[in-house]
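Each remark here refers to the structure printed beneath this line.
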Amino acid sequence: MEYVPALARWIHFLAGVMWLGLLFYFNFVQIQALKAAQADGTAAGIQKHVAPLALLWFRWAAVVTWLAGAALLGRDFVSAFTLSKSHLAIGIGAWLGTIMLVNVWALIWPKQKIILGMVPATDDEKSRARRTAFLVSRVNLMLSIPMLFFMAAGGHSALYLGH
Amino acid sequence: MNPLETLWGTIISGLLLTLVLYGAVRFALGG
């Protein structure tokens, strides 16, 4: 049945665009904008109205992307994640995406809850959370570059086999 | 300096990581 992989691929792309789009928004736009906004005292609006909503769609888009990707792999799931030779490229893409998902839920989101005041924290804890969230977000931006290469190039075996 | 401090440092790190992983895949597949 072709409907399941076609639907899974479509959802994987839609959610993946949202996830990475928001990751790029955080890194290319919000981090720089917040610095400028903090300097002129206008950061509260971004932190109150923009960041929580962006983070909501960001973290759930990450989950949907991963689940749709897993459904798309189907019977190839184990071969991809065990990095078997026949699935090496997509396996690397899948592992990079998985590391990024774990980073979102285990580090970025818990630290953002501290930064945005959703959980009680001292100024020192907020400051440390800000630093960790920033670095992990940067790590995910860095990983997204090879991740997209291996996801997109997975089917082009000539790239790897040299013919 | 940590390259992840800047946007361009992060992007260049990502490109270099892509090259390294690409080389590793080619090597593993004997390409």
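The values are calculated or read from the model by the stated rules, or taken from the named source; none is laboratory data. As the structure is a computational prediction, the values presented were derived from the model and not from experiment. A quick note on method: Cβ atoms are made from the backbone with ideal geometry, for glycine too, and the neighbour counts reach across all protein chains shown.
Right, residue A:98: closer than 28 Å to residue A:49 by Cα, away from every other protein chain (no Cβ under 14 Å), at pLDDT 95 or above and surrounded by fewer than 19 Cβ atoms within 10 Å (Cβ to Cβ) or not?
Answer is no for this residue.
Which members of region A:53-83 meet the condition of being surrounded by 15 or more Cβ atoms within 10 Å (Cβ to Cβ) and touching a residue at least 40 places away in the same chain (Cβ under 8 Å)?
Listed by number, the residues that qualify are A:55, A:58, A:59, A:61, A:62, A:64, A:65, A:68, A:69, A:71, A:72.
Please pick out the residue among A:19, A:57 that is away from chain B (no Cβ under 14 Å), touching a Ser or Thr at 6+ places or on another chain (Cβ under 8 Å) and assigned to a helix (DSSP H, G or I).
Exactly one residue qualifies, and that residue is A:19.
Looking at A:109, A:105 in this structure, which one is surrounded by fewer than 16 Cβ atoms within 10 Å (Cβ to Cβ) and either in contact with a Pro (Cβ under 8 Å, 6 or more places away or on another chain) or away from every other protein chain (no Cβ under 14 Å) (or both)?
Just a single option satisfies the conditions, and that option is A:105.
I need the full set of residues from region B:12-31 which are surrounded by fewer than 17 Cβ atoms within 10 Å (Cβ to Cβ), under 16 Å from residue A:141 (Cβ atoms) and facing another protein chain (nearest Cβ under 7 Å), in order please.
Hit for region B:12-31 is B:15, nothing else.
Do we find a residue being in a loop (DSSP other than H, G, I, E, B), at pLDDT 95 or above and not aliphatic (A, V, I, L, M) anywhere in region A:109-117?
Checking region A:109-117: not a single residue is in a loop (DSSP other than H, G, I, E, B), at pLDDT 95 or above and not aliphatic (A, V, I, L, M).
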